[in-house]
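**Q** Structure provided below as structure tokens; questions to follow.
Throughout, read-outs are computed from the coordinates displayed, never taken from laboratory work. All values derive from a computational prediction rather than experimental measurement.
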Amino acid sequence: MSFIIGANSAVGGGYDVANSCRFNDGSSDYLNKTFGTPGGGIYKWTYSFWVKRSSLGEKAITAPYYSGSFNGIIRFTSGDALEVYDYRSGMILQKITSRLFRDLSAWYHIVVSNDNSVASPETEIYVNGVKETSFSTTNEYSQNETNSFNNDYPNYIGQTGASSQYFDGYISEFVYIDGTALDPTSFGEFDEDSGIWKPIDVSGLTFGTNGFYLDFEDSSALGNDVSGNNNDFTANNLTAIDQSTDTCTNNFATLNPLCTGSLITLSEGNLKATGNNASDSSTTTATIGITSGKFYWEAKIVNVVSGYPYLGIYEDFDSLVQGNLQGQANGTRVMTVYVVGGGTTLFKPGTDLSITAPANDNIIMFAVDKDNNKFYMGVNGSWYNSGDPTSGATGTGSLADLDANGVVMFGSHNYNNSATELNFGSPSFAISSGNTDADGYGNFEYAVPSGYYALCTKNLGAYGG
């Protein structure tokens with residue numbers, strides 16, 4: 001069981017998406033390109049992309065922007081609805097969905113398809129293969145009305161074009177079709193066993209003159225167009241580390257904003273936790289919890305402040321669900337085991353073991369064996385207590401005997417600018433060695449113990465969770 005596995009998690013078999021691009025709104029990340037005259041006429045076009053949000057609120061996904069008087073946008077609103085609008089000295093298209101999109105662990109597939117050459121135009125919006133039919137606002141194009149989307153305007157991915165509403169999260173399989181209005185079956189299909197909507201290979205589509213396909217597989221050129229049109233985008237504030245293997249076919253754990261108090265700021269695709277209060281502390285946890293199987297992850301200590309961060313695991317599922325994590329600095333309720341930046345490990349709080357104090361840039365290793373209910377931690381390649389995560393029921397060097405019925409979840413407790421950066425297998429920081437699990441998933445600084453796996457949905461389906 002997982003604590004949270006978002007919609008459209010991985011399903012077995014089929015087409016695999018290798019990479020996504022991680023956008024961090026605090027770094028003003030975006031892609032841009034100015035197009036020429038469209039080849040298929042301005043009235044027919046289709047957008048298709050997958051997104052995994054890292055924060056709520058007003059966030060632009062893509063926008064053609066000529067000026068404040070002539071622009072369009074596809075975005076999440078301040079209330080987390082999905083909006084498509086076209087403004088040309090007045091709103092000529094505006095559709096806002098009634099339903100909201102607040103699952104920050106989920107991958108959403110969004111298709112926006114338009115043909116306003118017909119007598120009664122309808123710009124169609126699909127999410128995960130299903131057409132949206134309920135809107136709080138609906139205003140359609142008129143027939144043959146000039147629009148901003150398929151025009152020779154500067155185009156942006158990740159912001160409005162006016163340097164605002166920067167996207168925060170992951171985007172994969174970004175496709176634009178010039179001159180054709182397509183439905184979602186050109187980009188995805190329902191899995192015959194699970195019924196989950198999943199991507200298909202789009203490389204054979206007719207993209208049109210201004211069409212493009214960004215697969216984010218070239219880390220040195222994240223705006224590379226692989227449609228054959230060479231409509232490459234310019235990457236702004238995006239670097240090779242922003243290429244991610246967290247995709248719509250393999251969803252990796254991140255830190256969970258729903259279990260994060262206001263005293264912690266999440267960034268870098270919800271993989272970095274930073275304390276933001278000098279008088280109080282709070283905790284964040286992962287989006288995926290473990291009830292079976294063997295899983296491995298790492299955490300980089302970015303900044304130690306007054307003995308923080310505390311890093312470890314939680315088992316008290318009820319407290320996690322209730323959100324009672326804030327203010328648990330001494331671990332008396334929900335923290336099972338944690339490492340204090342100042343140099344102490346606590347077991348089932350109350351029992352202490354002196355260790356070498358982790359310092360900035362140290363990598364903390366975690367191995368959870370829920371098959372034998374054992375827990376191991378280490379630092380910089382060496383396991384605490386001479387631990388052996390492969391020792392099975394013997395539990396050599398295990399730091400804790402876990403509750404057989406509990407849900408185990410990573411936790412980071414932060415205070416006053418202390419900071420932690422997590423690596424569940426798709427890191428937001430540079431890795432010098434590049435170790436994977438036995439199935440080739442993950443990118444870790446240290447060797448993954450035999451029989452352990454990265455915390456992602458493909459492994460959850462194969463090995464427990």
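**Q** Through the Karplus equation 6.51 cos²θ - 1.76 cosθ + 1.60, θ set to phi - 60°, convert the phi angles of region 195-212 into ³J(HN,Hα) values in whole Hz; use x for Gly and Pro.
**A** Computed from phi, the couplings for region 195-212 are x, 7, 6, 9, x, 10, 5, 9, 5, x, 5, 8, 8, x, 3, 8, x, 7 Hz.
**Q** Next up: Using modelled amide H (1.01 Å from N, peptide plane; none on Pro or chain starts), what sits under 5 Å from the amide H of Ala400, excluding residues fewer than 5 places away?
**A** Phe375
**Q** Divide by every residue of the chain the summed helix terms, -39500 (n - 2.57) for each DSSP H run of at least 4, and state the resulting mean residue ellipticity at 222 nm, rounded to the nearest 500 deg cm²/dmol.
**A** -500 deg cm²/dmol
**Q** Could you give the length gained on full extension between Ser391 and Ser69, defined as 0.36 nm per residue of separation minus the Cα-Cα distance, in nm? Could the numbers behind the result be given before it?
**A** Numbers: separation 322, 0.36 × 322 = 115.92 nm, distance 6.63 nm.
Contour length minus the Cα-Cα distance gives 109.3 nm.
**Q** Where the eigenvalues come from the Cα gyration tensor of region 12-101, what are the semi-axes √(5λ) of the equivalent ellipsoid, largest first, in whole Å? If you can, show how the numbers build up before the last one.
**A** On the way: eigenvalues 115, 73, 48 Å².
Those come to 24, 19, 15 Å.
**Q** Would you grab the residues whose amide H sits under 5 Å from the one on Gly208? Only those 5+ places off in sequence or on another chain, please, with H modelled 1.01 Å from N.
**A** Excluding prolines and chain starts, which carry no amide H, the hits are Asp178.
**Q** Report the extension gain between Glu192 and Ser120 in nm, rounded to one decimal, defined as 0.36 nm multiplied by the number of residues separating them, less their alpha carbon distance.
**A** 22.5 nm
**Q** Per-residue HN-Hα couplings for region 276-282, Karplus 6.51 cos²θ - 1.76 cosθ + 1.60 at θ = phi - 60°, whole Hz, x for Gly and Pro?
**A** After applying 6.51 cos²θ - 1.76 cosθ + 1.60, I find 10, 9, 8, 10, 8, 10, 7 Hz.
**Q** Right, something else. Amide H neighbours of Tyr452 under 5 Å, counting only residues 5+ apart in sequence or on other chains, H built in-plane at 1.01 Å?
**A** Those qualifying (amide H under 5 Å, at least 5 residues apart or on another chain) number zero.
**Q** Okay, next question. Could you give each residue of region 386-399 its phi-based ³J(HN,Hα) in whole Hz, using Karplus coefficients 6.51, -1.76, 1.60 with θ = phi - 60°, and x for Gly or Pro?
**A** 6, x, 10, x, 8, 7, x, 5, 5, x, 4, x, 4, 8
**Q** Here are several values of P(r) over Cα pairs in 20 Å bins from 0, in percent: (1) 24, 57, 19, 1; (2) 15, 24, 15, 12, 11, 12, 8, 2, 0; (3) 25, 52, 21, 2. Which one was derived from the coordinates shown?
**A** (3)
**Q** Another question, then. Given the Cα-Cα distance of Thr146 and Ser432 and 0.36 nm per residue of separation, how much length would full extension add, in nm? Don't skip to the end; give the middle numbers.
**A** On the way: separation 286, 0.36 × 286 = 102.96 nm, distance 5.11 nm.
97.8 nm is the gain from fully extending Thr146 to Ser432.
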